[in-house]
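For reference, the structure is listed below as structure tokens.
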Amino acid sequence: LHSKLPQVGTTIFSVMSALAQEHGAVNLGQGFPDFACDPALVNAVTQAMQAGHNQYPPMPGIPALREAVARKIEVLHGHAYDPAQEITITAGATQAILTAVLAVVRPGDEVIVLDPCYDSYAPNIVLAGGTVVRVPLVPGSFRPDFDAIARAIGPRTRLLMVNTPHNPSGTVWSAEDMQTLEELLAPTEVLLLSDEVYEHMVFDGADHQSVARFPGLAARSFVVSSFGKTFHVTGWKVGTVAAPAPLMAEFRKVHQFNVFTVNTPMQHGLAAYLQNPQPYLQLPAFYQAKRDLFRQGLSTTRLRLLPSTGTYFQCVDISAVTDRTEADFCMWLTREVGVAAIPLSAFYGDGFDQGIVRFCFAKQDATLHEAIRRLQRL
Ligand code: PMP
Ligand code: GLN
């Protein structure tokens, strides 16, 4: 068979979770919580099912949820999206990203991604017939290199994909970063896909700078988020995309033939649950406590801590501990030490190996303590 994605195998997240299960390892690889979501959210969905909300919802999502999302963005970021035309409910951020790429990228178009980046971006671009242009984040700091981004923009550039807070590095873009990007893109017609799935996980007083705050960016952007991350329900696969009406019209043309709609009872449950802002307003403190506990524990091991200002990921430098490649180290760590991690090389187009691996700290404190106990053997 002539593969459309010859370079693509099974994602590192599936591979490492399977290996963790096989070896009874503490799974700090794939990013998902090992604790329950708020029972009030489960009740809201259960009630929606019992009330008979079990048939197709409207194609872009139920109005109550689109309105709740638009209101939340307006309160947090001061940009009023029209819920009727500018918000769509998706089957997780993964589908939102693929659908946006398919909607705007034409064969021969170039799409800039910033390496390291989430592993679905490049295959999405290839499926749309586009060319992936990889611009590295600054080695060491994982900060955006705006000169390099500017140099990469050419007549064929259709889309730039950015992600803050950043998976895997935990870097958070500042307001100045966003302003610089706004100025850089101003003379161009380049579209922007802003992956903001970790929008509510920022630490040490950092503020998430949504592109919705920057009019020059919002006017050219798909802004993607995920309830899976925000409400500890990664298995529900419900996300959102916000975009100006002309962009959203194109998005919906693809969405209607891609998934058509997203499951109804969860949309009703989420719409009801979003009426209370506390669950997402409390998220930074909740995850900062976990980050601090985990960092404190890691500081007693031979792994060298890197900063983590956002997301639920903590990266460590393994070079003092091993000569293995990141990928070999993660396999070995899972099998022999009983802790699963993700090699950063999985987020680079060329498999760049700098001796850094990623742990997920969205775990019960007991899970984090057990992982630390095992990692102290290194
Ligand atoms: N983008 C990034 C940066 C992610 O980390 C994830 C989750 N792994 C996604 C998108 C996909 O989110 P979802 O689970 O809602 O599809
Ligand atoms: N986003 C999660 C991570 O980076 C995993 C999602 C997935 O398994 N595809 O670990």
Exposure-ranked with fewest Cβ neighbours within 10 Å first, Asp147, Asp328 stand as Asp147, Asp328
Name the trypsin sites (Lys or Arg not before Pro) in segment 269-317 that are in a loop by DSSP and that have at most 16 other C-beta atoms within 10 Å, would you? Arg302
Please express the Cα-Cα pair-distance distribution P(r) of the chain as a list of whole percents, one per 10 Å bin, running from 0 to the bin with the greatest distance. 5, 24, 33, 26, 11, 1
Footprinting proxy, Phe329, Phe352: sorted fewest to most Cβ within 10 Å, the residues are Phe352, Phe329
So how long is each side of segment 152-275 along the principal axes, counting just the alpha-carbon atoms, biggest first, in Å? 44, 41, 25
Select from Pro265, Pro343, Pro168 the residue whose mean-square fluctuation is largest in a Gaussian network model of the chain (Cα-Cα springs shorter than 10 Å). Pro265
With a ≥ b ≥ c from the Cα gyration tensor eigenvalues, square-rooted, and the rule rounded for a/c under 1.5, otherwise prolate when a/b > b/c and oblate otherwise, segment 29-103 is rounded
In deg cm²/dmol and to the nearest 500, what is the mean residue ellipticity at 222 nm of the chain if only DSSP H runs of at least 4 residues count, each as -39500 (n - 2.57), divided by the residue total? -11000 deg cm²/dmol
Rounded if a/c is under 1.5, else prolate if a/b beats b/c, else oblate: with a ≥ b ≥ c from the C-alpha gyration tensor eigenvalues square-rooted, which is segment 128-173? prolate
Can you sort Phe35, Phe214 from fewest to most other Cβ atoms within 10 Å of each residue's own Cβ? Phe35, Phe214
Rank Ala40, Ala245, Ala340 by mean-square fluctuation in a GNM of the chain with C-alpha springs under 10 angstrom and give only the top-ranked residue. Ala40
Rule-of-thumb check for segment 82-185: C-alpha Rg over 2.2 N^0.38 Å? 1.10
Classify segment 6-47 as rounded, prolate or oblate, taking a ≥ b ≥ c as the square roots of the eigenvalues of its Cα gyration tensor: rounded when a/c is under 1.5, otherwise prolate if a/b is larger than b/c and oblate if not. oblate
Please state the relative contact order of the chain as a whole percent: Cα pairs under 8 Å, 6+ residues apart? 25 percent
Excluding residues fewer than 8 places away in the same chain, name every one of the lysines whose C-alpha is closer than 23 Å to that of Lys72. Lys229, Lys237
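Where a number appears in this text, it was derived from the coordinates with a stated rule and is not lab data. Keep in mind that what you see is a predicted model, and the values were worked out from it rather than measured. Ideal geometry is used to build each Cβ from the backbone, glycine not excepted, and the neighbour counts take in all protein chains shown.
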